[in-house]
Amino acid sequence: MHCLSGTDSHSPRRESSRLHRLVALGIFLSISLTCFATNAGFKILDASARLTDGVHRVHADVAFNFSAEALEAMENGVALTVSIDMQVLQVNRVWDSNVATVKALYRIQSHALSRHYVVRDLSTGESTTYPSFEEMASQLGKINGLPLLDDHVLDPNEQYRVRLRASLERESLPTPLRLLAYFSSSWRLSSDWTTWLLQR
C-alpha cells in the first residue's frame, strides 16, 4: 500500500515564491516612500494682498505636502505647527528695508479614536475639526483675508513689496523629535518666498 503525502506548506518552491513576493513588496514600498518624500514640501501656489477697510489682507493658496515622517508623527499623537510668515518691505535702490513682519501659527493634531484632525489658530485660539486629513490639508492651504498691516503706517510716496512663506515650525516639536528634525531633510518643510508688489 502506498501512502500519499500531504502538500508540504514549507516546501522549497513555496518558500521561494513567498520570498519573491516579499522582495517585490519591499521594492514597491521603497519606491513609493521615495516618491512621497520627493513630493514632500510646502509650496505657495498663488498669493495677493487686498486693501479692505484700511487694512491690507493676504489671500493665498498653499499646498501642504507633509513628509512620511511628519505624517507618522502626527498619527502617533504629535502636534505639528505650521507657520505662515509675511513681511512688508520698502523698495529701495540698494536693498529693501523691512517695515513689518507678521507670523500666523496653526497647530495640527490628530485624534486617534475619532480619526479627526483639529487645527487651532494660535493667534485667536479658535479650533476647527476636519473629518479627514485630505480635507484638513486642503482647507489649511486656503488663506482668506489674513491681516497684514494698516495702510496708514505706509508712506503714500513709497513703494512696497510683500513676501510670503509657509513652513513647519521644528521648534514646536517635542525635544527628542526636535533634535532629530534638525538633522533630517524630511522635516525641513518650507516653501520658497513668494514676493509681489503691494497694490494700494
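Please treat every number below as a calculation from the coordinates, not as lab data. This structure is a prediction, so every number in the text was calculated from the model and none was measured. Ideal geometry is used to build each Cβ from the backbone, glycine not excepted, and the neighbour counts take in all protein chains shown.
Odds and ends about this structure:
- Computed from the C-beta positions of ALA68 and TRP196, the FRET efficiency with R₀ = 35 Å rounds to 0.60.
- In terms of other Cβ atoms within 10 Å, HIS152, HIS59, HIS111 run from fewest to most in the order HIS152, HIS111, HIS59.
- The ratio of the alpha-carbon radius of gyration of region 60-104 to the globular-protein estimate 2.2 N^0.38 Å is 1.78.
- Cα gyration tensor, region 41-197 - rounded (a/c under 1.5), prolate or oblate: prolate
- For TRP95, TRP187, order by how many other beta-carbon atoms lie within 10 Å, fewest first: TRP95, TRP187
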